[in-house]
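I have a structure here, written as structure tokens, and I will follow up with some questions on it.
The values are calculated or read from the model by the stated rules, or taken from the named source; none is laboratory data. Only a predicted model underlies this, so the values are computations on that prediction, with no experimental measurement involved. Virtual Cβ from ideal backbone geometry, glycine too; neighbours counted across all protein chains shown. Each accessible area value is taken on the protein alone, full model and side chains, heavy atoms only, with ligands, DNA and RNA left out. Shrake-Rupley method; radii C 1.70, N 1.55, O 1.52, S 1.80 Å.
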Amino acid sequence: MKLAVIPARGGSKRIPRKNIKLFAGKPMIAYAIETALRCGIFDAVVISTDDEEIAQTSVQLGAQVPFMRPAELADDHTPTVPVVAHAIGQMQAAGFAPELVCCIYPGCPLLDPDDLRDGLALLDSGCSAYAFPVLTFPAPIQRALRRRADGTTEPFDSRYTQTRSQDLEPAFYDAGQFYWGRVGAWQEGLDIHRNGRTLIVPDWRAVDIDTPDDWLRAETLFYARQSMAANASP
């Protein structure tokens, strides 16, 4: 059984009610739910939430909410892995036997169904515990600058100030969209970044939405993609 778990707590601070705030006319969580349902690889799409309004909205959108997340797993500091492990335990107690579980974050309106499929194929093709998407840093991290209070700067590492960009090792960061994982990995609490294989996605297909500026950038990309798709249609 392949299970999608969408963790969506109600206590977002930087963007209040972020998971059900309207994004391009729909509750934000709608995009994760619709993409999970549309990709056709999940036996169940489950929401893990502590919030009744999020639960009701999710059910209306076609997801299942067979349990409510306890308060101790819904604060600002709760990591993702124990939340997914709790969801797995609840589903197992209800008689389901998931083998591969994909945690899909609710704030990813640019998520592509093909990336979920490719992530599953990547997990299936090797012996890693997890598979997840990454983005390439837009500039070499070796030449990052530290900014002082007066506005002046200095290199974090002066060894690379004269090194050509093309000669530096590229660096990547978590796209913040989804994590495929084996049930045992989730339940054992294995660290995702140390036990996963990665899928590189283009930077126009993922925005980690934590601030109002992130939200604006994501909506801009979303509308641009819609316009491109409309213009490409015969």
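Kindly list the number of the only condition in (1) out of contact with any helix residue (DSSP H, G or I) (no Cβ under 9 Å at 6 or more places or on another chain); (2) without any contact (Cβ under 8 Å) to a residue 24 or more places away in the chain; (3) part of a loop (DSSP other than H, G, I, E, B) that fails for G176.
So G176 meets the others, but not (2).
Residue check: is L110 assigned to a loop (DSSP other than H, G, I, E, B) and either surrounded by 18 or more Cβ atoms within 10 Å (Cβ to Cβ) or in contact with a strand residue (DSSP E or B) (Cβ under 7 Å, 6 or more places away or on another chain) (or both)? Let's see the steps before the verdict.
On the way: assigned to a loop (DSSP other than H, G, I, E, B): yes; either surrounded by 18 or more Cβ atoms within 10 Å (Cβ to Cβ) or in contact with a strand residue (DSSP E or B) (Cβ under 7 Å, 6 or more places away or on another chain) (or both): yes.
So L110 passes the test.
Which numbered condition trips up A229, out of (1) without any contact (Cβ under 8 Å) to a residue 24 or more places away in the chain; (2) under 17 Å from the mean Cα position of the chain (by Cα); (3) under 30 Å from K2 (Cβ atoms); (4) not in a loop (DSSP other than H, G, I, E, B)?
(2)
Still on this structure: Quickly run through segment 138-161 and pick out the residues that are open to solvent by less than 90 Å² (accessible area, probe 1.4 Å), under 21 Å from D203 (Cβ atoms), outside any loop (DSSP other than H, G, I, E, B) and touching a helix residue (DSSP H, G or I) at 6+ places or on another chain (Cβ under 7 Å). Talk me through it step by step, then tell me what you get.
Of segment 138-161, the ones open to solvent by less than 90 Å² (accessible area, probe 1.4 Å) are 139-142, 144, 151-155, 157-158, 160-161.
Subset that is under 21 Å from D203 (Cβ atoms): 139-142, 144.
From the residues that got through so far, the ones that are outside any loop (DSSP other than H, G, I, E, B) too are 141-142.
Within segment 138-161, just Q142 meets the criteria.
For A224, are the conditions met, namely being of a type in the set (A, V, I, L, M) and without any contact (Cβ under 8 Å) to a residue 60 or more places away in the chain? Steps first, answer last, please.
Details: of a type in the set (A, V, I, L, M): yes; without any contact (Cβ under 8 Å) to a residue 60 or more places away in the chain: yes.
So A224 passes the test.
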